[in-house]
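Here the structure is laid out as structure tokens; the discussion comes afterwards.
The values are calculated or read from the model by the stated rules, or taken from the named source; none is laboratory data. All values reported here derive from a predicted model rather than from experimental measurement. Methodologically, a virtual Cβ is constructed for each residue, glycine included, from the backbone with ideal geometry; neighbour enumeration extends over all protein chains shown. To get the accessible areas, we keep the full protein, side chains included, count just its heavy atoms, and leave off ligands, DNA and RNA. Shrake-Rupley method; radii C 1.70, N 1.55, O 1.52, S 1.80 Å.
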Amino acid sequence: MGKKLFMAQKRGETRAICLGIGMIICSVMMFFLLGVTILPKYIKSVWTAESTCTLVRATFKDKTNCIHNSNTKPESILKYPCLEVLVNLNFSEELFMLYHNEESPEWNNKCSYIPECKQNYTEVTLHIKEIQRKFNKSSSFVCYFDPKGKYKSTILMRKFGPQKMISYFFWPTSMFAVGLCVVVIVKISQYFAMISLQANKALEIVKT
């Protein structure tokens, strides 16, 4: 009975260690993926300083090129509406282009807000005009700009800001910590079990 209990305990400890190591490996892979995809964008982001933007004008652009498919054939290029928003920063009278986030200038640097490339032109137009009305209602709002002044543009929200980075790295960090704790706890348990076994053997020798 004692031997069976010992073997069952041994199998349980082995499974726990495998689980802990598996969690550590998965978390390291997640760290690698985030380091390759998300971290470079955070490092390259220049819109790091917060300010107050004052709306100058929000212009509705009727037709802008939209690549609907991955190729560049003429039939794949659609026309869609977009919104151009120009603002002033609270410390400058200079005009700044407002983009939705850090990726918006890469998609289309002529549009502040870029809708999904849908073939329903009317639906997209109504959506853009609704956003235009919202901008016109709020004369000032929080935005982010380049403190070095290299980019004469601002963004409305940071997709790769510090808070977002914390949320991206929270789960892999938690998984790594839990996996490490499982392995450490099992190893400590095995260490004390070995000490207890050696003490029992020494006691039996003394008694004999």
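Condition (residue is open to solvent by 80 Å² or more (accessible area, probe 1.4 Å), in a loop (DSSP other than H, G, I, E, B) and in contact with a strand residue (DSSP E or B) (Cβ under 9 Å, 6 or more places away or on another chain)) applied to segment 152-167: is it met by at least one residue?
The answer is yes, given that some residue of segment 152-167 is open to solvent by 80 Å² or more (accessible area, probe 1.4 Å), in a loop (DSSP other than H, G, I, E, B) and in contact with a strand residue (DSSP E or B) (Cβ under 9 Å, 6 or more places away or on another chain).
Within segment 11-31, is even one residue closer than 15 Å to G161 by Cα, of a type in the set (K, R) and loosely packed, with under 11 Cβ neighbours inside 10 Å?
no
Does K201 count as among the basic types (K, R), open to solvent by 50 Å² or more (accessible area, probe 1.4 Å), over 21 Å from the mean Cα position of the chain (by Cα) and modelled with pLDDT under 90?
Criteria met by K201.
Filter segment 168-183 for residues that are aliphatic (A, V, I, L, M), open to solvent by less than 70 Å² (accessible area, probe 1.4 Å) and in contact (Cβ under 8 Å) with a residue 60 or more places away in the chain; which is farthest from I17 (Cα to Cα)?
Looking at the filtered set, the residue picked out is M175.
Residue check, F91 against (1) closer than 20 Å to T54 by Cα; (2) under 28 Å from the mean Cα position of the chain (by Cα), all met but one. Which one?
The failed condition is (2).
Counting just the residues of segment 110-120 that are in contact (Cβ under 8 Å) with a residue 24 or more places away in the chain and open to solvent by 40 Å² or more (accessible area, probe 1.4 Å), which one comes out farthest from L98 (Cα to Cα)?
Residue satisfying both the conditions and the ranking: Q119.
Hey, any hits in segment 121-138 for a residue that's over 30 Å from M23 (Cα atoms), free of Cβ contacts under 8 Å to residues at least 24 places away in the same chain and within 21 Å of the chain's Cα centre (by Cα)? Spell out the reasoning first.
To start, the set of residues in segment 121-138 that are over 30 Å from M23 (Cα atoms) comprises 121-138.
Imposing the further condition that a residue be free of Cβ contacts under 8 Å to residues at least 24 places away in the same chain reduces the set to 122-123, 126-127, 130, 133-134, 137.
Subsequent filtering for residues that are within 21 Å of the chain's Cα centre (by Cα) retains none.
Looking for residues that are over 30 Å from M23 (Cα atoms), free of Cβ contacts under 8 Å to residues at least 24 places away in the same chain and within 21 Å of the chain's Cα centre (by Cα), one finds none in segment 121-138, hence no.
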